[in-house]
Amino acid sequence: HGRATELLMRRSAAWGGWLVMNRTYYKLSHELCTHLAERGMVYMDPETESVIAMGARFMPRHGLHVGLFAGDAEACLGFATQTAGELGIEKMHCLFPSHIPGVEDALTGFGFRLEPADFIVLEVHLE
């Protein structure tokens, strides 16, 4: 679980510090990453440093949510697709920061379609 947490946290800044599942934003932390790993919601390949976190909050049989992935996108999304198939899930979702290079291309190349409207999230830091 420690290596999975390390790989996820290394990607935290690139993903805006958040993991999104079911349109719920979870602040990326060591505790969250450990929890995800313990629940079998993380796939990693330490050799290539590829990692994906995925799952669902409510009604998990209706959709698999990809919260974050990095490294070998084909291996990560292939694992997600395999997992969805094993669970009988017919659709996957991923909300991602648009500034991350290659994420949109990786997702659309794997069959994901962009929604007809943007999902707009605004953030303000009040420190």
TODO: Working only within region 70-97, note down all residues that are in a helix (DSSP H, G or I), loosely packed, with under 14 Cβ neighbours inside 10 Å and in contact (Cβ under 8 Å) with a residue 12 or more places away in the chain.
DONE: Glu74, Leu87
- [ ] Hey, could you check region 53-69 for residues that are closer than 22 Å to Val121 by Cα and more than 9 Å from the chain's Cα centre (by Cα) and say which is most open to solvent (accessible area, probe 1.4 Å)?
- [x] Phe58
Open item on the list: I'm told Val20 meets every condition in (1) touching a residue at least 60 places away in the same chain (Cβ under 8 Å); (2) assigned to a loop (DSSP other than H, G, I, E, B) except one. Can you identify the failing condition by its number?
Closed with: (2)
TODO: Mind listing whichever residues of region 35-52 are closer than 12 Å to Leu68 by Cα and either of a type in the set (Phe, Trp, Tyr) or in a helix (DSSP H, G or I) (or both)?
DONE: Leu36, Tyr43
TODO: Return the pairs, sorted by first residue and then second, in which the second residue is in a loop (DSSP other than H, G, I, E, B) and not polar (S, T, N, Q), the first residue lies in region 103-119 and is farther than 20 Å from Ala70 by Cβ, the beta carbons are less than 8 Å apart, and the residues are 6+ apart or on different chains.
DONE: Phe119/Arg23; Phe119/Leu95
Open item on the list: Being touching a residue at least 12 places away in the same chain (Cβ under 8 Å), surrounded by fewer than 15 Cβ atoms within 10 Å (Cβ to Cβ) and either more than 17 Å from Thr83 (Cβ to Cβ) or not charged (D, E, K, R) (or both) is the filter here; which residues of region 29-52 pass it?
Closed with: His30, Pro46, Thr48
Task: Considering residues of region 1-28 that are of a type outside the set (Lys, Arg) and over 14 Å from the mean Cα position of the chain (by Cα) only, the residue least open to solvent (accessible area, probe 1.4 Å) - done: Gly2
- [ ] Please work out if Gly111 is on the phi > 0 side of the Ramachandran plot and either modelled with pLDDT under 90 or outside any helix (DSSP H, G or I) (or both).
- [x] yes
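The values are calculated or read from the model by the stated rules, or taken from the named source; none is laboratory data. Remember, predicted model here, so these are calculated numbers, not experimental data. Every residue, glycine among them, receives a Cβ derived from its backbone with ideal geometry; neighbour counts consider all protein chains shown. Accessible surface is based on the protein model in full, side chains and every heavy atom, while ligands, DNA and RNA are left aside. Shrake-Rupley method; radii C 1.70, N 1.55, O 1.52, S 1.80 Å.
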